[in-house]
Every structure is written in C-alpha cells, then in structure tokens.
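Enquirer: The following block contains the structure, expressed as structure tokens.
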Amino acid sequence: MAVNNTTEEYELPCGRELERVWERMDVVGQGLADEHELSCPHCRVARESLLALREATQELIAEPEATPPDLVGRIMSAVRAEVRRGQLLSLPATELGPIEVSEQAVAVVLRYAADSVDGVRARRCRVRVVGEGPGGESVVEVELSLALSLANAAGGEALSRVRDRVAAAAAAKVGLVLAKLDLVMVDVYEETVGDDR
C-alpha cells in the first residue's frame, strides 16, 4: 500500500524512503527487522508516527457513525510531532555514549537565549547541520528571525547582545559548534505597560 499517489518519494534523513518504512511496518512488528531498521532512530520515529496514524484511521473505520472528538487532534499531533522534530543533531559524546537532540529542541534553547535580551522577541529559528566538529558534535548554521521593540533606540546594540547570547547558548547549553548565525529582523512592536511577551 502506497502512502500517496504522487511520483515523489519522501526520503528520511537516513536515506530510507517513508513508503518503504510503511510497507515494512508489519514485518518489523513481527520481529523480522533488518539491521538498519533495528538501529535507525529516523525509521523508528517515522514508524511510530505511521502506527499512530494507522491506529487512528482504523478507529475511524470501526466507528463510522460518530467520530471520536479527539481523533483529528490525535492525527494532527502525530503529524506535527514528526515535522517539528526535524533532523537529529549530535552533541559531544559523554561517558554514557553519543547523544542526539532534535533541531526543534535546539531551536527552543536558542530562541530563549534571544528572548532574554530586553526589547527583543525571537520569532523563528532554523537550524541546519553543515558538518561535524572534532568531538563528533554537529556544526550548525542558524537563521533567527527577530522582532525589535520600537522603544529599543539602540537596535544594533541589542542585536549584538542577541548574537553573543545565542552563540554562548549554542556552545555552553547545547554543545554545538556555531559556524554561522544570521539574524533577520522581521518585525517591530510597541511595548505596552504589563507587556509579558
């Protein structure tokens, strides 16, 4: 059974096509997984999302009269979770072994660092792996969209502080090598009394 009817295939970061993961779900469930399927985190996450989607679809088929009120929410949560995670980034190895974290988790930390600067609000953060550091950690390029307060007369100074804090957070809090940081001002806002962002 094909996931879609288009000729385009969706390839996971590991190189395996999503359609192949779908076709082999039952085989893997019977304990007949190949070496790649046993060890690949990308295939495992995709398989879990597809199983949740299949389960939700089977519930819909089994109960044609009344759709469970949370069915759409459950389906969309599974879809969004897969999209938001993004690629896994390698962090410096510890005594426990290699550690990986999702792009989404890294983006949250970097946006928080930018938000800590007065008169600045982080909007969107894109993290892209461009290489590997000497300790096996990911080398990344980051594009961070920002909104600046109209009251922030020293916008250049604020952007300099954002750059310093984001770079420090990437290295100290996450453990990544930051090769490039692009700050893009996309909006301005007017602060009001009691503005809590």
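None of the figures in this text is laboratory data; all of them are computed from the coordinates on show. Remember, predicted model here, so these are calculated numbers, not experimental data. Reconstructed Cβ throughout: ideal geometry from the backbone, glycine too, with neighbour counts over all protein chains shown.
Enquirer: If you line up the Cα atoms of region 88-189 on their principal axes, what length do they span on each, largest first, in Å?
Expert: 47, 18, 18
Enquirer: If Lys and Arg each add +1 and Asp and Glu each add -1, what is the summed charge of the other residues whose beta carbon sits under 14 Å from the beta carbon of ARG128? List each step's numbers first, then the result.
Expert: Working: positive: ARG124, ARG126, LYS180; negative: GLU103, GLU132, GLU141, GLU143, ASP182.
So the surrounding residues net to -2.
Enquirer: Determine the sum of side-chain charges near SER90: Lys and Arg each +1, Asp and Glu each -1, restricted to other residues whose C-beta is under 11 angstrom from that of SER90.
Expert: -3
Enquirer: Moving to a separate point now. Using packing as a proxy for protection, rank 34-40, 51-57 so that the peptide with the highest average count of other Cβ atoms within 10 Å comes first.
Expert: Packing order, densest peptide first, comes out as 51-57, 34-40.
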